[in-house]
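Data block below; observations after.
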Amino acid sequence: QVQVVESGGGLVHPGGSLRLSCAVSGSIVSINAMGWYRQAPGKGREWVAGLSRTGSTNYADSVKGRFTISRDNAKNTVYLQMNSLKSEDTADYYCDIGIGGRSYWGQGTQVTVSS
């Protein structure tokens, strides 16, 4: 059994920063790809950032240069550092953890960017 728990969301002013965390626990053999997605109100789920097992990163054009995905192997935690936040970044954020050919999702954490 694998558990994925996101945290770190909240209300922030435009231009502000937040760091989201995604803690993975349970029967983890090895974590392969990791990613962050988001879903804004009334819209579909959108891929935001990805981090491969080898450490390569990719970002959606809408967040490139503002968001950074990283991981702490010792803590089995994936982070999403979000800077220069905009109102259009408002969404529920989810992490996707790939283990043994399966994807595991958390319950999400809400980010609201508003003045």
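The values are calculated or read from the model by the stated rules, or taken from the named source; none is laboratory data. Please read these numbers as outputs of a predicted model, since none were measured by experiment. Positions of Cβ are generated from backbone atoms using ideal geometry, with glycine treated the same way; all protein chains shown enter the neighbour counts. Heads up: the accessible areas ignore ligands, DNA and RNA and are worked out on the full protein's heavy atoms, side chains in. Shrake-Rupley method; radii C 1.70, N 1.55, O 1.52, S 1.80 Å.
Taking 0.36 nm per residue of sequence separation and subtracting the Cα-Cα distance, how much length would be gained by fully extending the chain between SER17 and SER52, in nm to one decimal?
10.2 nm
Kindly write out, for the stretch 63-73 in residue order, the coupling ³J(HN,Hα) from the Karplus curve 6.51 cos²θ - 1.76 cosθ + 1.60 (θ = phi - 60°), rounded to whole Hz, with x marking Gly and Pro.
These are the phi-based 3J(HN,Hα) values: 10, 4, x, 10, 10, 9, 9, 8, 9, 10, 4 Hz.
Pull out the extension gain between GLU88 and GLN3, defined as 0.36 nm times the separation in residues minus the alpha carbon to alpha carbon distance; nm, one decimal.
So the chain would gain 27.7 nm between GLU88 and GLN3.
Could you work out the percent of alpha carbon pairs in the stretch 3-77 separated by over 22 Å, rounded to a whole number?
Values: 738 of 2775 pairs.
So the pairs more than 22 Å apart make up 27 percent of the total in the stretch 3-77.
At GLN110 and LYS64, where each label point lies 7 Å from the Cα along Cα→Cβ, what is the point-to-point distance in nanometres?
So the two model labels end up 3.2 nm from each other.
Could you please state how large a percent of the accessible area of the stretch 43-106 is carbon and sulfur, counting protein chains only and using a 1.4 Å probe?
Within the stretch 43-106, the accessible surface is 43 percent carbon and sulfur.
What list of ³J(HN,Hα) values in whole Hz, one per residue of the stretch 81-87 in order, does the Karplus curve 6.51 cos²θ - 1.76 cosθ + 1.60 (θ = phi - 60°) give from phi, with Gly and Pro shown as x?
Values per residue, Gly and Pro as x: 7, 10, 10, 6, 5, 10, 4 Hz.
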